[in-house]
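Bear in mind these aren't lab numbers, they're just calculated from the coordinates by the rules spelled out. No experiment lies behind these values; they were computed from the predicted model shown. Please note: Cβ atoms are built from the backbone with ideal geometry, for glycine as well, and neighbour counts cover all protein chains shown.
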Amino acid sequence: MKSAIFTTLLLGLLVSCMPEKRDMSVIEIQRIIDTSLQAGDSFERIEEFMKNSHMLYDFDYHESRFQARIDDGQVDTDNIAIYIYVDIDGKFVNAHVERVFTHL
């Protein structure tokens, strides 16, 4: 529990100090998720982690995953996509982070 609180605070500090989201790399975000969430963590625990980490997210029931991005208040075509997968019971399985490019 203490490590989860520490990690959440650390991520919050990192996000609040970032002038732009691209300053935090895909690898850094993946590392934070890997240290914050454990296999079998509940759906609610995952949501709590994302809220405390200032992520905008929704849940895709067809893919059994959360889709998220860090909320930095900027509109950009260069984003980092965060996918957090759960099993049939809504328990954490794994996460995948990647840089994506959009153009509208």
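For the stretch 45-51, the Karplus equation 6.51 cos²θ - 1.76 cosθ + 1.60, evaluated at θ = phi - 60°, returns couplings of 5, 5, 4, 4, 4, 5, 4 Hz by residue, with Gly and Pro reported as x.
Identify the GluC sites (Glu not before Pro) of the stretch 37-75 meeting these criteria: DSSP loop state and at most 15 other C-beta atoms within 10 Å of the C-beta.
Details: sites: Glu44, Glu47, Glu48, Glu63; in loops: Glu63.
Listed in order of number, the matching sites are Glu63.
Amide H contacts under 5 Å for Met55: Asp71, restricted to partners 5 or more places along the chain or on a different chain, H placed in the peptide plane at 1.01 Å from N. Computed from backbone phi, the HN-Hα couplings of the stretch 52-57 come to 5, 9, 6, 9, 8, 8 Hz, rounded to whole numbers (Karplus: 6.51 cos²θ - 1.76 cosθ + 1.60, θ = phi - 60°; Gly and Pro given as x).
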